[in-house]
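S.K.: Next up is a structure, given as structure tokens.
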Amino acid sequence: MKGLYFQKSSTNEEITFVFQERENLPITEDNYVKLQVKACALSQINTKLLAEMKMEKEFFPVGREIAGIVLDVGNKVSFFQPDDEVVVHKPEKVTWTEAAGTIRDGVRAYTALHYLSHLSSGKSVLIMDGASALGMIAIQLAHHRGAKVISTAGSLEDKQCLERLRPSLARVIDVSNGKAHVAESCLEETGGLGVDIVLDAGVRLYSKDDEPAVKLQLLPHKHDIITLLGVGGHWVTTEENLQLDPPDSHCLFLKGATVAFLNDEVWNLSNVQQGKYLCILKDVMEKLSSGVFRPQLDEPIPLYEAKVSMEVVQKNQGRKKQVVQF
């Protein structure tokens, strides 16, 4: 059995990806399911977050977003049986690559818009970097719920991709040249009221002199987000080191607004939370089957190309979700 793993260097700065062979399959324990993997999606690995969540190992398997066929189940497993096609139970209309490629971003988008910001019909939503894998699914979910969607695009290609979506977005804000003002555009689109929900893709925390050039160009400052957020609004951030000064907190307080955090591994939490996220994943697969979600997938690749593809994914150089097909 061959698998792809990542290994950190002794300095904890460099990540290398290696193939490893495992001769014997482990015995299926009472609460476990043994799977023949048919497709596996690749996502950027946040080693710092894994360490903080006590999930770090010397060799850590790459690609935990999998779909496949059940080979064997433990004595205490009743929900699955051998020969079942699963993510949870995979709908018949959903392909292996679609199923694997939607797990992570589908659950994260659902969590952000349903649980953390209580999306409902008529709400206005700003989704940053809408042409990303997460952003695309979040846009489709927001439209499905009857929301008015605004998004940002970091390149001409992303802008054209977003403008082709149906139903169409209320506005696409092109931030590729660094001239567009996100806050002004959102306030103009909402008649000065501000948006009800913001799902960011990171924010700038500091002054221009203290931020990398790329971050300066593509990401809004945290003050812009606070400015464009409406009364009673919800800000869902992916910025793990968000810092709010007392004036920022006071402004949010006056607006009655909330801030929630969406981390990379929200779909892979402890067993205490697994029941809730299995329900989310089931609903995600049903929406995928009914056409609500159309994931942003690249062409599937064979296993022998996974190492090179994972290096590209880790550098955050790919836009579409990469899936390994077996």
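S.K.: If a residue must be open to solvent by less than 20 Å² (accessible area, probe 1.4 Å) and within 18 Å of Ala260 (Cα to Cα), how many such residues does the stretch 116-134 contain?
M.R.: Of the residues in the stretch 116-134, 7 are open to solvent by less than 20 Å² (accessible area, probe 1.4 Å) and within 18 Å of Ala260 (Cα to Cα).
S.K.: Can you name the condition, by its number, that Tyr110 falls short on among (1) of a type in the set (Ser, Thr, Tyr); (2) open to solvent by less than 50 Å² (accessible area, probe 1.4 Å); (3) part of a loop (DSSP other than H, G, I, E, B)?
M.R.: (3)
S.K.: Does Leu156 meet the test of being in contact with an Asp or Glu (Cβ under 8 Å, 6 or more places away or on another chain), surrounded by fewer than 16 Cβ atoms within 10 Å (Cβ to Cβ), closer than 20 Å to Arg319 by Cα and in contact (Cβ under 8 Å) with a residue 12 or more places away in the chain? Break it down into steps so the answer makes sense when it comes.
M.R.: On the way: in contact with an Asp or Glu (Cβ under 8 Å, 6 or more places away or on another chain): yes; surrounded by fewer than 16 Cβ atoms within 10 Å (Cβ to Cβ): yes; closer than 20 Å to Arg319 by Cα: yes; in contact (Cβ under 8 Å) with a residue 12 or more places away in the chain: yes.
The answer is yes for Leu156.
S.K.: How many of the residues in the stretch 72-94 are closer than 17 Å to Cys40 by Cα and hydrophobic (A, V, I, L, M, F, W, C)?
M.R.: Counting residues in the stretch 72-94 that are closer than 17 Å to Cys40 by Cα and hydrophobic (A, V, I, L, M, F, W, C) gives 4.
S.K.: Here is a follow-up. Restricting to the stretch 224-254, what's the tally of residues that are in contact (Cβ under 8 Å) with a residue 40 or more places away in the chain and among the polar types (S, T, N, Q)?
M.R.: 1
S.K.: Among the residues of the stretch 181-210, which ones are over 22 Å from the mean Cα position of the chain (by Cα) and either part of a loop (DSSP other than H, G, I, E, B) or among the hydroxyl-bearing types (Ser, Thr, Tyr) (or both)?
M.R.: Matches in the stretch 181-210: His181, Ser185, Thr190, Gly191, Gly192, Leu193, Gly194, Tyr206, Ser207.
S.K.: Further, regarding this structure: Could you check the stretch 17-44 and list, in sequence order, the residues that are open to solvent by 50 Å² or more (accessible area, probe 1.4 Å) and within 13 Å of Met310 (Cα to Cα)?
M.R.: Result: Phe19, Gln44.
S.K.: Hey, another quick one. Quick check on the stretch 292-306. Is at least one of its residues modelled with pLDDT under 90, among the small types (Gly, Ala, Ser), open to solvent by less than 40 Å² (accessible area, probe 1.4 Å) and over 15 Å from the mean Cα position of the chain (by Cα)?
M.R.: Yes; the residues of the stretch 292-306 include at least one that is modelled with pLDDT under 90, among the small types (Gly, Ala, Ser), open to solvent by less than 40 Å² (accessible area, probe 1.4 Å) and over 15 Å from the mean Cα position of the chain (by Cα).
S.K.: I need every pair where a residue in the stretch 117-144 that is within 12 Å of Leu169 (Cβ to Cβ) has its Cβ under 6 Å from the Cβ of a residue that is open to solvent by 10 Å² or more (accessible area, probe 1.4 Å) and of a type in the set (Val, Ile, Thr), sequence separation at least 6 or different chains.
M.R.: Ser124/Thr190
S.K.: Please specify each residue of the stretch 18-37 satisfying the condition of being in a loop (DSSP other than H, G, I, E, B) and acidic (Asp, Glu).
M.R.: Hits for the stretch 18-37 are Glu23, Glu29, Asp30.
S.K.: Ok, one more. If we scan the stretch 84-103, do we find a residue that is closer than 27 Å to His181 by Cα, open to solvent by less than 10 Å² (accessible area, probe 1.4 Å) and either assigned to a helix (DSSP H, G or I) or among the basic types (Lys, Arg) (or both)? Steps first, answer last, please.
M.R.: Of the residues in the stretch 84-103, the ones closer than 27 Å to His181 by Cα are none.
Checking the stretch 84-103: not a single residue is closer than 27 Å to His181 by Cα, open to solvent by less than 10 Å² (accessible area, probe 1.4 Å) and either assigned to a helix (DSSP H, G or I) or among the basic types (Lys, Arg) (or both).
Rundown of residues vs (1) at pLDDT below 90; (2) over 30 Å from Pro302 (Cα atoms); (3) surrounded by fewer than 21 Cβ atoms within 10 Å (Cβ to Cβ); (4) over 19 Å from the mean Cα position of the chain (by Cα), yes/no style:
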site: His114; (1), (2), (3), (4): no, yes, yes, no
site: Ile137; (1), (2), (3), (4): no, no, no, no
site: Lys148; (1), (2), (3), (4): no, yes, yes, yes
site: Thr152; (1), (2), (3), (4): no, yes, no, no
site: Lys179; (1), (2), (3), (4): yes, yes, yes, yes
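S.K.: Can you tell me which residue is modelled with the lowest pLDDT among those in the stretch 45-68 that are open to solvent by 40 Å² or more (accessible area, probe 1.4 Å) and part of a strand (DSSP E or B)?
M.R.: Out of the qualifying residues, it is Pro61.
S.K.: For Arg319, indicate whether it is of a type outside the set (Phe, Trp, Tyr), open to solvent by 80 Å² or more (accessible area, probe 1.4 Å) and within 18 Å of Ala67 (Cβ to Cβ).
M.R.: Details: of a type outside the set (Phe, Trp, Tyr): yes; open to solvent by 80 Å² or more (accessible area, probe 1.4 Å): yes; within 18 Å of Ala67 (Cβ to Cβ): no.
It is false that Arg319 is of a type outside the set (Phe, Trp, Tyr), open to solvent by 80 Å² or more (accessible area, probe 1.4 Å) and within 18 Å of Ala67 (Cβ to Cβ).
S.K.: Then there is this: Go through the stretch 296-308 and give me each residue that's more than 16 Å from Ala100 (Cα to Cα) and either in contact (Cβ under 8 Å) with a residue 24 or more places away in the chain or among the polar types (S, T, N, Q) (or both). Before the answer, list the steps.
M.R.: Residues of the stretch 296-308 more than 16 Å from Ala100 (Cα to Cα): 304-305, 307-308.
The one that is more than 16 Å from Ala100 (Cα to Cα) and either in contact (Cβ under 8 Å) with a residue 24 or more places away in the chain or among the polar types (S, T, N, Q) (or both): Lys307.
The values are calculated or read from the model by the stated rules, or taken from the named source; none is laboratory data. Predicted model, so just to flag it, every value in this text is computed and none were measured. FYI the Cβ positions are ideal-geometry reconstructions off the backbone, even for glycines, and counts take in every protein chain you see. The protein model used for the area step is the full one, side chains on, heavy atoms only, and it has no ligands, DNA or RNA in it. Shrake-Rupley method; radii C 1.70, N 1.55, O 1.52, S 1.80 Å.
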